[in-house]
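Nothing in this text is a laboratory measurement; each read-out follows from the coordinates by a stated rule. Treat the numbers as computed from the prediction; the structure is a model and nothing was measured. Every residue, glycine among them, receives a Cβ derived from its backbone with ideal geometry; neighbour counts consider all protein chains shown.
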Amino acid sequence: MPFQIPENVVIGLFVAAFSLWGLIKEKWFLAETRKGQKLTRWFGPARAVWVLRVIFLVGILFGLLLAGGLIRPIQWG
């Protein structure tokens, strides 16, 4: 029997990894993407950094909780 990783673990780890990458590249994200530029217009340069950090930290937390099994996806059927 091949080794299988549950789907929610894979999705959770990817969400956490991409959120961590976004947190590391926050300056690039704010300067080079339309969403980042919109955040900067809405909140100003100093506050936009903190808003983006909160968004990515929530993404990391959600991904880790999903991978750890504390958040379970809806099971249809």
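Details
- Using a cutoff of 8 angstrom between alpha carbon atoms and counting only pairs six or more residues apart, the relative contact order for the chain works out to 48 percent.
- Acute angle (nearest 10 degrees) that the helix 45-68 long axis makes with the longest principal axis of the chain, alpha-carbon atoms: 0 degrees
- The convex hull built on the alpha-carbon positions of the chain has an orientation-averaged projected area of 7.2 nm².
- Label-zone membership for the range 6-20, site L70, 7 angstrom Cα→C-beta point, backbone N under 11 Å: none
- To the nearest ten degrees, helix 7-24 and the longest principal axis of the Cα atoms of the chain are 20 degrees apart.
- Nearest 10 degrees, 0 to 90: helix 34-43 Cα axis against the chain principal axis: 60 degrees
- Value in Å of the Kirkwood radius, where the range 32-77 supplies the Cα pairs that are averaged: 12.4 Å
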